[in-house]
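Scroll down for the structure; my scribbles are underneath it.
Where a number appears in this text, it was derived from the coordinates with a stated rule and is not lab data. Note that the structure is a prediction, hence the values are computed from the model and not measured.
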């Protein structure tokens, strides 16, 4: 699993420790020393997860987490609070502010990586690296392979990402704009109609096994993968 992680930490040594360890586990790391810097980084490109310190210069991490949850663009952004504040009421405050998880310092780098993986599995399962299977259609991110029984299906990289997202969010319908954000990234400019083209290509790639029937088009709403 490789995810884009924004580390928001004002202590240089701790910021370096967190960043180096996350890079060791295969993540792509960006850094910010304040809520203001973090906001600018998120504005430039939405990360997959934010590791957020509570005690920051200026605006606190707690206040920043509340603001992220109040913004439509960052409402579902996974947040892990990493802080020295270890009292039970602190943890409750952090979770109530919108954090998905709360880890206290000092911390184990392996536990931090495991917590991030668990958050992504819940919030963004397409980033977890786990294989997923729907009605005999199997997608394995590790080998970049899609198959139906013994039959291998060949998809372009964009089709693979699109199918992976739909398979890990089965039963939900996403607009073109939402699919662009989730599959291509909100910092990449792609026309919304491009999604229609890739959906058509994805259906054609799934035709040999008959799994093209799983792709739903909901007029006026968007696309999804049929619920069980």
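Things worth noting here:
- Debye intensity ratio I(q)/I(0), log10, region 20-91, q values 0.24, 0.26 Å⁻¹ (C-alpha model): -1.23, -1.36
- Over region 164-214, the fraction of Cα-Cα pairs per 5 Å bin, rounded to whole percents and listed from the shortest bin up, is 4, 19, 25, 27, 17, 6, 1.
- In region 1-61, the alpha-carbon atoms span a convex hull of 63 Å³ per residue.
- Kirkwood analysis of the Cα pair distances in region 64-121 returns a hydrodynamic radius of 11.9 Å.
- Applying 0.36 nm per residue to the separation of residue 4 and residue 87 and subtracting their alpha-carbon distance, the gain on full extension is 26.9 nm.
- Antiparallel bridge percentage (DSSP; both residues within the chain; nearest 5): 50 percent
- Computed over region 4-127, the P(r) curve from all C-alpha pair distances, binned at 5 Å from the origin, holds 2, 12, 25, 28, 22, 10, 2 percent per bin.
- P(r) tail for region 114-169: Cα pairs beyond 12 Å make up 64% of the total.
- The overall shape of region 111-228 is oblate: from the C-alpha gyration tensor, with semi-axes ordered a ≥ b ≥ c, the ratio a/c is 1.5 or greater and a/b is no larger than b/c.
- Folded to 0 to 90 degrees: helix 35-44 orientation relative to the chain principal axis, Cα: 20 degrees
- Counting only alpha carbon atoms, the long axis of helix 12-24 and the longest principal axis of the chain meet at about 20°.
- Nearest 10 degrees, 0 to 90: helix 193-206 Cα axis against the chain principal axis: 60 degrees
- Region 132-225: relative contact order in percent, alpha carbon pairs under 8 Å with at least 6 residues between: 28 percent
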